[in-house]
Structures are given as structure tokens and as C-alpha cells.
Amino acid sequence: MKKFVVVLVLACLWLVGLTGAQQGEPIRIGAIFDLSGATGDVGTPYAEGVIAYINWVNSQGGINGRPLELLSQDYAYDVATAENLYKQFVSQGALVFMGWGTGDTLALVGKIAEDQVPFISASYSASLNDPQGKAPYNFLIATTYGDQLEILMRHMVAKWEEAGKDVADMRVVVFHNDSPFGTDPLPQGQAYAEAAGIGGFLAIPQPRGATDYNAEIQKADDFGVTHIIVQNVSSPAALLARNVVDYFGSNEEVVFGCLNWCADELFVTRAGAAAEGALGAIPFTPTTVEVEGQEIPREILEAQGRTLEEASLHFTQGWAAVAVMVEAIKRTLDAGLELNGPNIRATLQQMKDFDVGGLMAPVTFTETDHRANRALAIYRVENGVWVQDSEVIDLRALEEESQ
Amino acid sequence: MAVQSGIYHQTYESDMQLRPTTAQRVRLILAIAFVLLLPFVVSQNEVRIVNKVMIAAIGAIGLNILVGYTGQISLGQGAFLGVGAYACGLLMVYFQVPWGLALIAAAFITAFVGALFGLPSLRLKGLYLAVATLAAQQIVEWIIIRWDPIDGTIDGRATDALKIPSAFLFGNTAWRLNDNENAFYYFVFVVLVVVVLGAVNLFRTHYGRAFIAIRDQDIAAEVMGVNLFYYKVLAFAISSFLVGLAGGLTTIHSTAISFERFTIEVSIAYLAMIIVGGLGSISGAIYGAAFIEILPEILRSIGQTLVQNRIVSDQVFVTVLPFVQQGTFGVLIILMLIVEPEGIRKLWSNIKDYFRLWPFSY
């Protein structure tokens with residue numbers, strides 16, 4: 001026992017010594033993570049990524065000598081808990097906040113605006129992009145769900161035409177999570193389908209807790225489906241992929257595609273052979289495609305005896321998301337401005353083509369647009385790994401071209 | 001006091017008292033003093049948790065009237081909370097109804113909806129009724145998710161959270177109920193007191209006794225002249241009234257509400273509250289609400305302390321701690337029920353009996 005106490009005291013002294021190396025007042029960052037709730041499977045690596053980045057910055061001496069302090073908790077995907085934790089962390093001095101789900105982010109929007117806390121969430125719902133209206137402090141770090149759907153459909157149309165087929169024969173069915181998260185991209189998809197002259201566009205909700213989707217696939221088949229796109233999380237998407245292959249007898253009959261929350265390593269593991277050939281609209285570079293920004297995460301994980309592949313792309317997603325926020329804090333300090341919500345927001349709004357080592361498309365925010373980018377590359381599952389299938393498709397650039 | 005071998009009432013007035021003994025009155029005064037002083041000694045965050053407990057207590061009392069006193073199982077608690085919350089919110093947002101009026105209207109609307117879903121209770125009993133109320137849960141959840149205007153829109157796009165305009169107590173801008181926790185605390189405490197007095201007295205009237213008679217033996221109750229259909233639906237309405245009130249209070253306490261607050265998990269948490277607290281007891285509902293709401297917060301703050309003091313690593317924080325916390329929560333509920341199956345209320349009365357009879361407990 002005595003020995004234990006001695007070790008404990010020594011450990012404490014060592015820690016005091018470590019933090020003593022950094023000068024200055026800590027900069028507090030609030031965060032809520034889903035570690036044990038409905039989205040805990042992807043929430044856990046995301047949280048690890050955020051924590052790893054903060055620790056890495058601190059190990060490099062902090063920002064201008066000031067250490068970062070992360071105030072974070074598991075909120076188990078519960079909106080009321082999220083609200084409590086947010087209020088608690090802000091009252092404890094959190095200057096900026098890393099959120100998670102669509103429901104809790106939307107529930108907090110009003111409070112965020114009032115408290116003037118720059119907020120980056122893992123929800124990419126376009127309704128959060130309202131910089132001059134209701135959501136002045138919310139920033140969307142990745143391509144919105146609607147843009148993801150449109151980009152994936154553009155890619156599908158291009159491939160279809162390459163094969164010499166008529167766009168009017170295309171029948172796109174979107175299987176989606178039966179919630180606002182799932183329905184979010186549908187209006188944009190519908191609009192694009194009409195503009196591009198796609199023969200048919202149908203949305204089918206995936207009932208929660210279903211053990212198979214044969215009835216829904218039957219419905220899609222009656223519609224004459226040629227392309228299936230999933231807006232859901234990995235597990236139901238993988239089940240759907242297996243059901244689709246069973247129903248049609250092969251991977252070739254319909255083109256299968258996933259938006260970001262199901263296009264990941266977990267989907268490939270769960271769907272097995274059925275994942276082969278599936279397309280993914282992924283704003284964050286998969287671990288199987290090497291980019292420069294993965295180097296440090298790889299080193300950190302290897303020091304823990306783990307690999308980035310195992311930690312999944314959601315690790316670098318969390319890493320990249322908080323990196324943008326920390327960059328804004330750094331730039332605010334460098335400009336000699338007082339570190340507060342409005343100044344960090346202003347700095348974020350001036351961010352132009354900021355690249356997080358290729359972990360995602362460069363980030364540009366403006367006063368009127370809080371979407372980091374409207375661009376991503378399409379990936380495809382080949383022999384169980386995600387490989388790049390297209391160049392980056394940039395909707396902003398396409399819009400400017402057409403004007 | 002110590003030499004008396006029981007409590008003897010010599011007048012009808014003394015017989016009707018809610019707090020007949022001196023010890024009870026002293027405790028009541030201490031409790032009132034505690035309640036009044038609490039916000040001055042604890043942090044805003046802790047006041048916020050107490051506020052959640054009081055809202056949950058009102059909802060749990062409502063559920064206990066139905067389940068504990070009338071014996072009708074309901075799995076639709078989350079839905080009825082949602083009806084109350086959205087009724088209150090929609091009245092405030094779309095019709096600019098003053099929040100106090102919206103709160104009361106929400107309670108009445110929920111009472112009506114509850115009575116509607118209580119109709120099958122005439123033919124259905126026990127688990128069959130539970131499944132029927134489960135339908136209420138599904139239908140209400142479905143409507144909240146699917147019906148776009150219910151959550152309002154931004155730039156013509158449906159959003160999934162209804163923004164709630166701020167409510168001010170007595171029109172005083174300093175007393176903003178969704179921001180000033182102390183203001184909300186005193187307000188919801190008054191509401192809770194009114195609800196408790198109303199509920200306790202309900203079971204001293206013929207309505208309440210009819211409910212208990214139905215719970216104990218519905219056929220016997222019917223033979224005695226209790227109109228089963230009328231009283232069952234009434235129990236649903238009264239219960240839902242209080243649940244709707246709790247829902248409305250949730251709305252006023254928040255800046256926005258969304259469907260995730262009113263799912264089946266919430267229904268089950270409320271059933272856990274009244275079972276852990278003590279079925280068929282008003283004070284039990286309050287103890288149960290406190291237990292279920294406060295325990296996870298305590299576990300969470302223990303976890304946070306461990307992480308901040310570097311006693312556990314970030315790796316443990318992410319991968320192990322959440323499950324340890326949830327597991328502990330479950331184990332504590334089971335332990336609680338093994339120690340005293342009749343709930344915290346019985347545990348508390350056992351403790352009181354022990355000291356009252358001490359040192360000669362036999």
C-alpha cells in the first residue's frame with residue numbers, strides 16, 4: 001500500500017512537471033462524444049481522434065505556449081444530456097465546442113448563438129448553414145449530406161453515360177435512416193435528379209431495428225431500381241448491401257453507394273463480399289488512401305500498439321475537425337486579437353483553402369457560407385479496401401463555371 | 001411523545017391532517033429551509049440537475065397515478081411527455097400564446113390525448129394494455145419525426161428541432177426560465193408542491209379510492225358500483241395531465257426540443273423511476289425521479305474527476321469508462337430492488353421506524 005502511495009505521489013509530481021513546462025493559461029475546448037449511445041461505434045474513434053490531436057498539440061508546446069484543455073464527456077446520444085454538458089462546459093470556460101449529432105446540434109443552435117461559442121459538429125445537415133440568420137456560430141466541417149448525394153449522383157450519371165446508356169433509364173433509390181438525419185439530403189437529390197433528367201428518384205426509409213430489408217428491396221425492384229444510395233450508419237447499410245446481393249443474385253445488377261456515415265471500414269467488414277464494388281461519397285480520406293496528414297496519427301497510434309486502419313477513418317475525421325478549430329484559435333492569437341468567440345468566428349470566416357494534410361478537401365469559410373467545402377472524391381470498394389474512383393468533384397467550381 | 005404507544009386522533013380535523021406528528025412537521029420545516037437555501041450553496045450546474053429531477057418527479061407522479069394507483073401499465077410515457085412539450089412549444093411559436101397559458105393548455109391537451117389512448121383500457125389489461133400504449137408511443141414519435149411544420153423550418157428546409165422562444169417569469173428579463181436556473185428552480189418547485197398536494201389529496205377523495213379499488217380487484221370494484229370505463233379513462237386523463245405538465249416544463253426549460261427526448265427509452269426510464277421509488281406512492285415517485293436522474297450525473301462526474309486528475313488514461317476514458325458507468329447504473333438499480341423490493345419509499349420508512357422504535361424494536 002505504502003509503495004502504491006509513493007508511486008502515486010511520484011506520478012503526480014511527474015505530471016505537474018509535465019504541465020509546468022507549458023506557460024500560460026490553458027485554452028479550454030468543450031466536447032461531447034457519443035461513446036456508449038446509438039452511434040457509439042463511429043463516435044468512439046472520432047473521440048479518440050479529437051483527444052489525440054489535443055494531446056499532440058500540447059506535446060508540441062501548446063499554442064503560443066498556452067496548453068489546450070479538453071472538457072469532454074460521453075453523452076450517449078441523448079439530447080438532454082448534451083444540453084446539460086454544453087452548459088456545464090461553457091460555464092467552466094470552454095471557448096469553442098466540438099459537437100456530435102444532428103439532433104443535439106440543432107437543439108443547441110439558439111444557445112450557441114447567444115453564448116457566441118464557435119461550434120463544429122459531426123452533423124453535416126445543410127440546415128445548420130445559416131451564418132447570418134439562426135446559426136451564426138455553427139461551422140460545417142465537411143461536405144453537406146445534400147452535396148454528398150448530389151456529387152455521388154453526378155458520378156453515377158457520368159459512369160452510366162460512359163457505358164453508353166441513356167440517363168432517362170436510370171432509377172435512383174435512396175434508402176435512408178428514418179429520422180431527420182436520413183431525410184436531410186433528399187430535397188437536393190430530388191432536385192438534381194430532375195435537373196439531370198434521371199428517369200426516377202425514390203426515397204425509402206429503413207425501419208429501425210429491422211433484421212432484413214427484403215420488403216423495401218422488393219419495393220425498389222418494382223420501381224425498376226438501377227442505383228441504390230444509402231444515407232444511414234454502417235450497420236444497417238451493410239445489412240442492406242447483403243440483402244441486395246442476395247435478392248439480385250450478384251453485385252453487378254444494381255450500383256450500390258453510401259454517403260459518409262456508412263462509407264467506412266466498418267461497412268466493408270460487416271458487409272463482407274457484398275461490399276465489393278460499392279461507391280462511397282467520403283469527405284474524409286479513407287485510411288487505405290495515403291495522404292500526408294495521416295503520418296502523425298499513424299505514429300501516435302503505433303506508439304499505442306495500434307494501427308490507423310483499425311482505428312478507422314473516423315479517427316482522422318475527429319483529428320481534422322478539431323485541427324480546423326485549433327488553427328482558428330492559433331490564427332486569432334497570432335493576429336494579436338483577444339481570444340473570444342466573436343474573434344475566433346471572424347478568423348474562421350477568413351479561412352481560405354486551409355489544408356489539413358489532405359485528410360479532407362481544403363477548408364474555406366466566408367461570412368455568408370459556413371460550409372467548409374462542397375467537394376469530395378468518390379471512392380469504391382475493391383478487394384475489401386476503399387480506393388479512389390474519381391477526381392475531386394467540386395460543386396462550387398461547377399457552379400462558378402456554369403455562371 | 002416517546003411514551004405514547006401510537007398516534008391518537010381526537011377530532012376529525014386532526015384525523016385529516018397530512019402531517020400529524022411533530023417529527024413530521026419538524027422535517028417539513030427543515031425540508032422547506034433546505035429547498036429555499038439550496039441554490040445559494042450549490043453550483044448552477046447542480047441546480048440544473050435538481051430542476052431536471054423536479055420535472056421528472058412531476059412526470060413520475062403522473063405515471064404513478066396510472067400505474068401504481070390504478071394498475072394500468074403504460075409504455076406511452078415518452079409520447080405523452082412529447083405531446084405536452086410540443087403542444088406547449090407549438091402554441092408559443094405559432095400562436096404567440098403566453099408561456100403560462102401554453103403550459104396549462106399543454107397539460108389539458110395531453111390529458112385529452114392520454115384519455116383517447118386510454119380508451120382500449122376497458123377491454124385490455126396488463127401486458128396487452130402495455131402493448132396498446134406502445135402503439136401510442138410509436139404513433140406520436142412518428143408524427144413528430146415526419147410532420148415537417150411541427151419542428152419549424154429554416155429557409156424552407158425542415159429542421160428537426162423546434163426553437164422555443166424564451167419565457168420570462170413575471171415578465172422580468174433577468175428571470176429567464178431557460179437560462180436562469182435559480183428562477184426556474186423556484187418556479188418549478190411551486191408547481192411541484194401544487195402537484196404533490198393535489199395528488200396526495202386525490203387519493204383521499206372517492207375518485208382516488210375508485211382508482212385503488214380498480215387496481216386491487218376490478219371485478220369487485222365494478223360490483224361495488226365503480227364505473228370501470230369512466231374511472232380508467234379518468235385515470236389516464238389525470239395521469240396524462242401531469243405528464244403533459246412535465247413535458248411543457250421541459251419545453252420552457254429548453255431553448256429547443258426534438259423527438260429524441262421522447263423516445264421509448266424515456267418511457268422505460270420513467271417506469272424505472274416509479275418502481276425504484278415505490279409503486280403507488282407520491283413520495284416514492286419523487287425519490288425514484290431523484291435516483292434515476294442524479295445517479296448517472298454522479299457517475300459521470302466521478303469519471304470526469306478520474307480523467308482530469310489523470311488517474312485513468314484517455315484510452316480508458318473513451319473505451320471503458322462509459323460502459324463501466326452504465327453497468328454501475330444498472331447494478332445499483334438491481335441492488336436497490338434486492339435490498340428493498342418495495343422501493344426507496346419503503347427503505348426510508350424502515351429507517352424511520354428503526355429510529356422511532358430504537359432501542360426497543362420488538
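The values are calculated or read from the model by the stated rules, or taken from the named source; none is laboratory data. Remember, predicted model here, so these are calculated numbers, not experimental data. Glycine also receives a Cβ, built like all others from the backbone with ideal geometry; neighbour counts cover every protein chain displayed.
Where residues in region A:73-95 are closer than 21 Å to A:Gly24 by Cα and in contact with a strand residue (DSSP E or B) (Cβ under 9 Å, 6 or more places away or on another chain), which of them is farthest from the other protein chains (Cβ to nearest Cβ)?
Among those that are closer than 21 Å to A:Gly24 by Cα and in contact with a strand residue (DSSP E or B) (Cβ under 9 Å, 6 or more places away or on another chain), it is A:Leu95.
Can you pull out every residue in region B:321-332 that is farther than 18 Å from A:Asn55 by Cβ and surrounded by 14 or more Cβ atoms within 10 Å (Cβ to Cβ)? Spell out how you get there, then give the answer.
Our first condition is that a residue be farther than 18 Å from A:Asn55 by Cβ; within region B:321-332, this holds for B:322-332.
If the condition is that a residue be farther than 18 Å from A:Asn55 by Cβ and surrounded by 14 or more Cβ atoms within 10 Å (Cβ to Cβ), then B:Pro322, B:Val324, B:Gln325, B:Gln326, B:Thr328, B:Phe329, B:Leu332 are the ones that fit.
Does A:Val42 satisfy being touching a helix residue (DSSP H, G or I) at 6+ places or on another chain (Cβ under 9 Å), modelled with pLDDT under 90 and away from chain B (no Cβ under 12 Å)? Step through it out loud before you land on a result.
Values: touching a helix residue (DSSP H, G or I) at 6+ places or on another chain (Cβ under 9 Å): yes; modelled with pLDDT under 90: yes; away from chain B (no Cβ under 12 Å): yes.
So A:Val42 fits the description; yes.
If A:Ala321 passes every condition in (1) modelled with pLDDT of 90 or more; (2) among the aliphatic types (A, V, I, L, M); (3) not in a helix (DSSP H, G or I) but one, which one does it miss?
Condition not satisfied by A:Ala321: (3).
Would you confirm whether any residue within region B:268-280 is modelled with pLDDT of 85 or more, more than 23 Å from the chain's Cα centre (by Cα), surrounded by fewer than 21 Cβ atoms within 10 Å (Cβ to Cβ) and hydrophobic (A, V, I, L, M, F, W, C)? Full working, then the answer.
Initial filter on region B:268-280 (modelled with pLDDT of 85 or more): B:268-280.
Keeping just the survivors that are more than 23 Å from the chain's Cα centre (by Cα) gives none.
No.
Quick one: in region A:114-135, which of the residues that are part of a loop (DSSP other than H, G, I, E, B) and of a type in the set (Ser, Thr, Tyr) is farthest from the other protein chains (Cβ to nearest Cβ)?
Of the residues in region A:114-135, the ones part of a loop (DSSP other than H, G, I, E, B) are A:116-118, A:122-125, A:129, A:131-134.
Within this subset, residues satisfying the condition of being of a type in the set (Ser, Thr, Tyr) are A:123-125.
On the way: A:Ser123: 10, A:Tyr124: 14, A:Ser125: 8 Å.
Only one residue fits best here, namely A:Tyr124.
Name the residues in region A:213-226 that are in contact with a helix residue (DSSP H, G or I) (Cβ under 9 Å, 6 or more places away or on another chain) and within 17 Å of A:His176 (Cβ to Cβ), would you?
Scanning region A:213-226 gives A:Tyr213, A:Glu216, A:Ile217, A:Ala220, A:Val225.
I need the helices (runs of 4 or more DSSP H) fully contained in region A:188-284, keeping only those with at least 3 residues that are closer than 30 Å to A:Met360 by Cβ. Before the answer, list the steps.
Working: elements: A:214-222, A:234-248, A:265-271.
Result: A:234-248, A:265-271.
Looking only at region B:320-328, decide whether some residue is part of a loop (DSSP other than H, G, I, E, B) and farther than 25 Å from B:Asn201 by Cβ. Working first, answer last.
Filtering region B:320-328 for residues part of a loop (DSSP other than H, G, I, E, B) gives B:320.
Now restrict to residues that are farther than 25 Å from B:Asn201 by Cβ: B:320.
There is at least one residue in region B:320-328 that is part of a loop (DSSP other than H, G, I, E, B) and farther than 25 Å from B:Asn201 by Cβ.
Within region A:46-72, can you find the residues that are facing chain B (nearest Cβ under 9 Å) and farther than 25 Å from A:Leu339 by Cβ?
Scanning region A:46-72 gives a single hit, A:Glu48.
Which condition breaks for A:Met98 when tested against (1) at the interface with chain B (Cβ under 10 Å from one of its Cβ atoms); (2) surrounded by 24 or more Cβ atoms within 10 Å (Cβ to Cβ); (3) not small (Gly, Ala, Ser)?
Going through (1) at the interface with chain B (Cβ under 10 Å from one of its Cβ atoms); (2) surrounded by 24 or more Cβ atoms within 10 Å (Cβ to Cβ); (3) not small (Gly, Ala, Ser) one by one, A:Met98 breaks only (1).
Among the residues of region B:302-316 satisfying the criterion of being assigned to a helix (DSSP H, G or I) and more than 8 Å from chain A (Cβ to nearest Cβ), which is surrounded by the most Cβ atoms within 10 Å (Cβ to Cβ)? Even if it seems obvious, please write down each step before you answer.
First, the residues of region B:302-316 that are assigned to a helix (DSSP H, G or I): B:302-308, B:314-316.
The next check asks that each one be more than 8 Å from chain A (Cβ to nearest Cβ); those that pass are B:302, B:305-308, B:316.
Numbers: B:Ile302: 14, B:Thr305: 11, B:Leu306: 15, B:Val307: 21, B:Gln308: 12, B:Val316: 14.
Among residues in region B:302-316 that are assigned to a helix (DSSP H, G or I) and more than 8 Å from chain A (Cβ to nearest Cβ), the one surrounded by the most Cβ atoms within 10 Å (Cβ to Cβ) is B:Val307.
Anything in region A:173-187 that is part of a strand (DSSP E or B) and either under 16 Å from A:Asn260 (Cβ atoms) or without any contact (Cβ under 8 Å) to a residue 40 or more places away in the chain (or both)? List them, or say none. Quick ask: steps written out before the conclusion?
Here is the first cut: in region A:173-187, the ones part of a strand (DSSP E or B) are A:173-177.
The answer is A:Val174, A:Phe175, A:His176, A:Asn177.
Would you point out the residue of region B:253-267, among those that are more than 19 Å from B:Phe189 (Cα to Cα) and within 17 Å of the chain's Cα centre (by Cα), that is nearest to the other protein chains (Cβ to nearest Cβ)? Full working, then the answer.
So in region B:253-267, the residues more than 19 Å from B:Phe189 (Cα to Cα) come out as B:255-267.
From what is left, the residues that are within 17 Å of the chain's Cα centre (by Cα) are B:261-267.
Details: B:Arg261: 5, B:Phe262: 10, B:Thr263: 10, B:Ile264: 10, B:Glu265: 8, B:Val266: 9, B:Ser267: 14 Å.
That would be B:Arg261.
Find all pairs meeting these conditions: Cβ atoms under 8 angstrom apart; at least six residues apart or on different chains; first residue within region A:110-137 and more than 23 Å from A:Ala320 (Cβ to Cβ) and crowded, with 20+ Cβ neighbours inside 10 Å; second residue aromatic (Phe, Trp, Tyr) and at pLDDT 90 or above.
A:Lys111/A:Tyr86
Considering only residues that are surrounded by fewer than 19 Cβ atoms within 10 Å (Cβ to Cβ) and of a type in the set (Val, Ile, Thr), which ones fall in region A:327-340?
none
If I filter region B:17-57 down to residues being of a type in the set (D, E, K, R) and within 13 Å of B:Val188 (Cα to Cα), which single residue comes out as surrounded by the fewest Cβ atoms within 10 Å (Cβ to Cβ)?
In this case the residue turns out to be B:Arg48.
Check A:Asp212 against each of (1) surrounded by 15 or more Cβ atoms within 10 Å (Cβ to Cβ); (2) more than 14 Å from chain B (Cβ to nearest Cβ); (3) in contact with a Leu (Cβ under 8 Å, 6 or more places away or on another chain) and name the one condition it does not meet.
(1)
Quick check on region A:143-172: of everything there that is buried (at least 24 other Cβ atoms within 10 Å of the Cβ) and not in a helix (DSSP H, G or I), which residue is farthest from the other protein chains (Cβ to nearest Cβ)? Before the answer, list the steps.
The initial filter retains those residues of region A:143-172 that are buried (at least 24 other Cβ atoms within 10 Å of the Cβ), namely A:143-153, A:170, A:172.
Restricting the remaining residues to those that are not in a helix (DSSP H, G or I) gives A:143-144, A:170, A:172.
Working: A:Thr143: 17, A:Thr144: 11, A:Met170: 26, A:Val172: 21 Å.
The extreme case among them is A:Met170.
With the checklist (1) assigned to a helix (DSSP H, G or I); (2) within 14 Å of chain A (Cβ to nearest Cβ) in hand, flag the one item B:Phe291 doesn't pass.
(2)
Would you check if there is a residue in region B:204-214 being over 23 Å from B:Ala107 (Cα atoms) and at pLDDT below 90?
no
Name the pairs: first residue in region A:74-93 and β-branched (Val, Ile, Thr), second residue in a helix (DSSP H, G or I) and modelled with pLDDT under 85, Cβ to Cβ under 7 Å, at least 6 apart or on different chains?
A:Val79/A:Gly103; A:Val79/A:Asp104; A:Val79/A:Ala107; A:Val79/B:Glu260; A:Val79/B:Arg261
Test each condition in (1) more than 23 Å from the chain's Cα centre (by Cα); (2) free of Cβ contacts under 8 Å to residues at least 40 places away in the same chain for A:Leu239 and report the one that comes out false.
All conditions pass for A:Leu239, except number (1).
Listed here are the residues, each with its yes/no results for (1) within 14 Å of another protein chain (Cβ to nearest Cβ); (2) part of a loop (DSSP other than H, G, I, E, B); (3) in contact with a strand residue (DSSP E or B) (Cβ under 6 Å, 6 or more places away or on another chain); (4) of a type in the set (A, V, I, L, M).
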| site | (1), (2), (3), (4) |
| --- | --- |
| B:Gly6 | no, yes, no, no |
| B:Ala60 | no, no, no, yes |
| B:Ile73 | no, yes, no, yes |
| B:Ala87 | no, no, no, yes |
| B:Ala102 | no, no, no, yes |
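Does B:Ala285 fit the bill of being among the small types (Gly, Ala, Ser), within 14 Å of chain A (Cβ to nearest Cβ) and surrounded by 24 or more Cβ atoms within 10 Å (Cβ to Cβ)? Full working, then the answer.
Details: among the small types (Gly, Ala, Ser): yes; within 14 Å of chain A (Cβ to nearest Cβ): no; surrounded by 24 or more Cβ atoms within 10 Å (Cβ to Cβ): yes.
Answer is no for this residue.
Do we have A:Gly384 as in the same structural domain as A:Lys159 (by TED's automatic domain parsing) and either surrounded by fewer than 22 Cβ atoms within 10 Å (Cβ to Cβ) or not acidic (Asp, Glu) (or both) here? Break it down into steps so the answer makes sense when it comes.
Working: in the same structural domain as A:Lys159 (by TED's automatic domain parsing): yes; either surrounded by fewer than 22 Cβ atoms within 10 Å (Cβ to Cβ) or not acidic (Asp, Glu) (or both): yes.
Here the answer is yes, as A:Gly384 does meet what is asked.
Are any of the residues in region A:386-397 of a type in the set (A, V, I, L, M, F, W, C), under 24 Å from A:Met153 (Cβ atoms) and part of a helix (DSSP H, G or I)?
So the first thing to find is which residues in region A:386-397 are of a type in the set (A, V, I, L, M, F, W, C), and the list is A:386-387, A:392-393, A:395, A:397.
If we keep only those that are under 24 Å from A:Met153 (Cβ atoms) as well, we get A:386-387, A:392-393, A:395, A:397.
With part of a helix (DSSP H, G or I) added as a condition, the list becomes A:395, A:397.
The answer is yes; a qualifying residue exists.
Considering only residues that are buried (at least 21 other Cβ atoms within 10 Å of the Cβ) and of a type in the set (A, V, I, L, M, F, W, C), which ones fall in region A:342-364? Steps first, answer last, please.
Step one: of region A:342-364, the residues buried (at least 21 other Cβ atoms within 10 Å of the Cβ) are A:344-345, A:347-348, A:356, A:359-361, A:363.
Answer for region A:342-364, where residues must be buried (at least 21 other Cβ atoms within 10 Å of the Cβ) and of a type in the set (A, V, I, L, M, F, W, C): A:Ile344, A:Leu348, A:Val356, A:Leu359, A:Met360, A:Ala361, A:Val363.
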